[in-house]
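To keep things clear, I will list the structure first and then write my remarks on it.
The values are calculated or read from the model by the stated rules, or taken from the named source; none is laboratory data. Just so it is clear, the model here is predicted, and its values are computed rather than measured. Because the Cβ atoms are built from the backbone with ideal geometry, glycine has one as well, and the counts that use them run over all protein chains shown. Surface accessibility is based on the protein's heavy atoms, side chains included, excluding ligands, DNA and RNA. Shrake-Rupley method; radii C 1.70, N 1.55, O 1.52, S 1.80 Å.
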Amino acid sequence: MGKPMGFLEYERKTRPEISPEKRIENFEEFHLALDKEECRIQAARCMDCGIPFCQSGVKYGTAFSGCPLHNLIPEYNDEIFQGNWKQAAARLLKTNNFPEFTGRVCPALCENACVCGINDTPVTTHDNEYAIIEEAFANGWITPEPPEIRSGKRVAVVGSGPAGLAVADCLNKRGHSVTVFEKADRPGGLLMYGIPGMKLDKSVVQRRTDLMEAEGVEFLLNADVGKDLSAGNLVDEYDAVVLCCGSRIPRDVEVPGRDAKGIVYAVDYLTESTKSVLGMIRETSMNAKGRDVVVVGGGDTGNDCVGTAIRQGCKSIVQLDRNPKGPEQSSASSWPLKDRIYRRDYGQEEAMALFGADPRMFSSTVKEIRKDEEGNVREIVTIQIVKSTDKNGRRTITEIQGSEETIPCDLLILAAGFAGCEDYVADSFGVTRAGNGTLKTGEGQYATNVPGVFAAGDARRGSSLVVWAIAEGRACAKEVDLFLMEYTNM
Ligand SMILES: Cc1cc2nc3c(=O)[nH]c(=O)nc-3n(C[C@H](O)[C@H](O)[C@H](O)COP(=O)(O)OP(=O)(O)OC[C@H]3O[C@@H](n4cnc5c(N)ncnc54)[C@H](O)[C@@H]3O)c2cc1C
Ligand code: SF4
């Protein structure tokens, strides 16, 4: 810790943002960088508190606190303060394969657990991570590092999202020959086609996969395992197979009028938008320009759809959130967990700037979809709900009769969550699934019921976060290495 009283001397300052009015003109990242001296001051706020809860990554009941990757946060904060940026990058890369992703999109579980945050504002750990890795790339410190010796073992990874990339990166660096099979036309999973460019520029994803390719990882694109390629062949030809195919079954809404035209799933919508921004396709029927858009789902995915629809030039936007509106302030400290106060994400801020109101209708869901004569969605009937828990601990939802509202809609985007791994992938490998549709493994383990076949990321865990996908990928790679070599030094 370079500055013992830094946390008393300096105020928290996060990366500046382009204003909502300006940034909605394009799909470019809108978070700017702090200069190096400002980063140094922010790093000086880390008080090396003795027990770094920020890097603990522990479970409290069903909640989780601290960094799942156990990033060495006080250590790299100190390196920034001392001006040792190269050492800071070395520290960071010890635990995190892809800080350029987490430094942009991680919700920073570490900051909820920061001791400075108990009675003040937490250290800007997330932004510091971004600063370190971008400094490392800018200075040419990140260069291809292929392994010196190959083990002769071959591993197939199915899916190139953050989990698949982490597995591939770790096993390749260990000396195994890794082929990543990806059904999309570009690698990256939801990093490429899901999370929009204003949160994570696609050149950042490409920069990493190019680097991995230069290090010897082979990417086979447009390769749908279980359809174009036989699962049996992969099992026969490779020494191990790792399924990192995500949790890609979208949850539907089962209400009258669901068969209307003009209803799309969020990931399909966001994928089309990114492809159009990248110039890979022309504008499609999914484009929100001039339309009354309703997004079903109050989570991050729904917010990304709001931000995307606004950039496309929608006429109006409403987001249905089943949860009640949180309080403006928290009465008790939630440390080391996230509090549940009312917040606005970037898309909702943009809707405020453009239309003058938060687009969310809280405690609301869709009750009916109404069509015009051609079968196109025309309006949505919403209803208010109350969520509660019955005496057996089961969650119940009660509709409030008479609370129906009718709103115009000619593009309905479903962002209601995901229901696990697609059937054909699990079935083609004969992998057993858990009740929630994920691929089943032992607790804290990655081997499936099929010998030599492993699973990691959203496919195993259920839809989660990029940081968790990377953490699962790293832990799974270690288990695969042990399986291949009968010992592991990873
Ligand atoms: C819109 C959206 C926004 C999000 N925003 C954030 C965020 O801001 N921060 C955050 O931390 N998390 C965010 N998440 C969650 C995060 O993106 C996921 O938790 C993470 O990407 C999961 O990684 P994964 O590698 O397990 O799966 P995925 O990223 O889903 O990758 C799975 C890959 O497997 C491929 N695949 C599937 N089946 C096959 C097959 N049969 N053959 C070959 N390839 C196959 C898919 O094409 C895909 O590329 C967001 C999710 C969504 C949907
Ligand atoms: S990966 Fe996420 S939780 Fe971990 S240190 Fe970085 S921002 Fe914090």
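Can you find a residue in region 82-89 that is small (G, A, S) and more than 28 Å from R174 (Cα to Cα)? For region 82-89, residues small (G, A, S) and more than 28 Å from R174 (Cα to Cα): present.
Of all residues in region 387-431, which are surrounded by fewer than 12 Cβ atoms within 10 Å (Cβ to Cβ) and touching a strand residue (DSSP E or B) at 6+ places or on another chain (Cβ under 8 Å)? Scanning region 387-431 gives S388, T389, D390, R395, T396, I397, T398. Checked against (1) in the same structural domain as R91 (by TED's automatic domain parsing); (2) surrounded by fewer than 17 Cβ atoms within 10 Å (Cβ to Cβ); (3) under 24 Å from D458 (Cα atoms), D120 meets all criteria but (3). Looking at region 153-187 only, could you name the residues that are more than 7 Å from ligand 1 (Cβ to nearest atom), under 21 Å from R207 (Cβ atoms) and assigned to a loop (DSSP other than H, G, I, E, B)? The answer is D185, R186, P187.
Looking for something touching a residue at least 40 places away in the same chain (Cβ under 8 Å), closer than 18 Å to R474 by Cα and among the β-branched types (V, I, T) - is there at least one such residue anywhere in region 220-232? Looking for residues that are touching a residue at least 40 places away in the same chain (Cβ under 8 Å), closer than 18 Å to R474 by Cα and among the β-branched types (V, I, T), one finds none in region 220-232, hence no.
Within region 231-271, the residues that satisfy the criterion of being assigned to a loop (DSSP other than H, G, I, E, B) and closer than 24 Å to A166 by Cα are Y238, D239, C244, C245, G246, S247, R248, I249. Being assigned to a loop (DSSP other than H, G, I, E, B) and open to solvent by 50 Å² or more (accessible area, probe 1.4 Å) is a condition met by no residue of region 293-312.
When K367, K478 are checked against the criterion of being open to solvent by 50 Å² or more (accessible area, probe 1.4 Å), closer than 19 Å to P250 by Cα and either modelled with pLDDT of 95 or more or in contact with a Cys (Cβ under 9 Å, 6 or more places away or on another chain) (or both), a single residue qualifies: K367. The residue of region 233-260 that is nearest to A477 (Cα to Cα), among those that are basic (K, R) and within 15 Å of ligand 1 (Cβ to nearest atom), is R248. The single condition among (1) surrounded by 16 or more Cβ atoms within 10 Å (Cβ to Cβ); (2) under 25 Å from the mean Cα position of the chain (by Cα); (3) within 22 Å of D372 (Cβ to Cβ) that D252 does not satisfy is (1). Checking each residue in region 383-411 for being touching a Ser or Thr at 6+ places or on another chain (Cβ under 9 Å) and over 17 Å from V296 (Cβ atoms) picks out V386, S388, T389, D390, R395, T396, T398, I400. Exactly one residue among R258, R282 is surrounded by fewer than 19 Cβ atoms within 10 Å (Cβ to Cβ) and modelled with pLDDT under 95, and that residue is R282. Which of the residues belonging to region 440-456 are open to solvent by less than 60 Å² (accessible area, probe 1.4 Å) and within 16 Å of A240 (Cα to Cα)? Scanning region 440-456 gives T441, Y446, A447, T448, V450, G452, V453, F454, A455, A456. A single member of Y346, Y265 is open to solvent by less than 30 Å² (accessible area, probe 1.4 Å), within 17 Å of P196 (Cα to Cα) and within 23 Å of the chain's Cα centre (by Cα), and it is Y346. For region 110-149, the set of residues classified as within 16 Å of ligand 2 (Cβ to nearest atom) and assigned to a loop (DSSP other than H, G, I, E, B) consists of A113, C114, T121, P122, V123, T124, listed by residue number.
Each row is one residue, and each column tells you yes or no for (1) β-branched (V, I, T); (2) open to solvent by 10 Å² or more (accessible area, probe 1.4 Å).
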site: L165; (1), (2): no, no
site: N172; (1), (2): no, no
site: S177; (1), (2): no, yes
site: V180; (1), (2): yes, no
site: R186; (1), (2): no, yes
site: P196; (1), (2): no, no
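Residue check: is A90 closer than 20 Å to C114 by Cβ and either among the aliphatic types (A, V, I, L, M) or surrounded by fewer than 16 Cβ atoms within 10 Å (Cβ to Cβ) (or both)? Against the criterion (closer than 20 Å to C114 by Cβ and either among the aliphatic types (A, V, I, L, M) or surrounded by fewer than 16 Cβ atoms within 10 Å (Cβ to Cβ) (or both)), A90 does not qualify.
Within region 323-336, does at least one residue satisfy the condition of being within 16 Å of ligand 2 (Cβ to nearest atom), buried (at least 16 other Cβ atoms within 10 Å of the Cβ) and in a loop (DSSP other than H, G, I, E, B)? The answer is yes, given that some residue of region 323-336 is within 16 Å of ligand 2 (Cβ to nearest atom), buried (at least 16 other Cβ atoms within 10 Å of the Cβ) and in a loop (DSSP other than H, G, I, E, B). For region 13-34, the criterion of being β-branched (V, I, T), open to solvent by 40 Å² or more (accessible area, probe 1.4 Å) and at pLDDT 95 or above is met by at least one residue.
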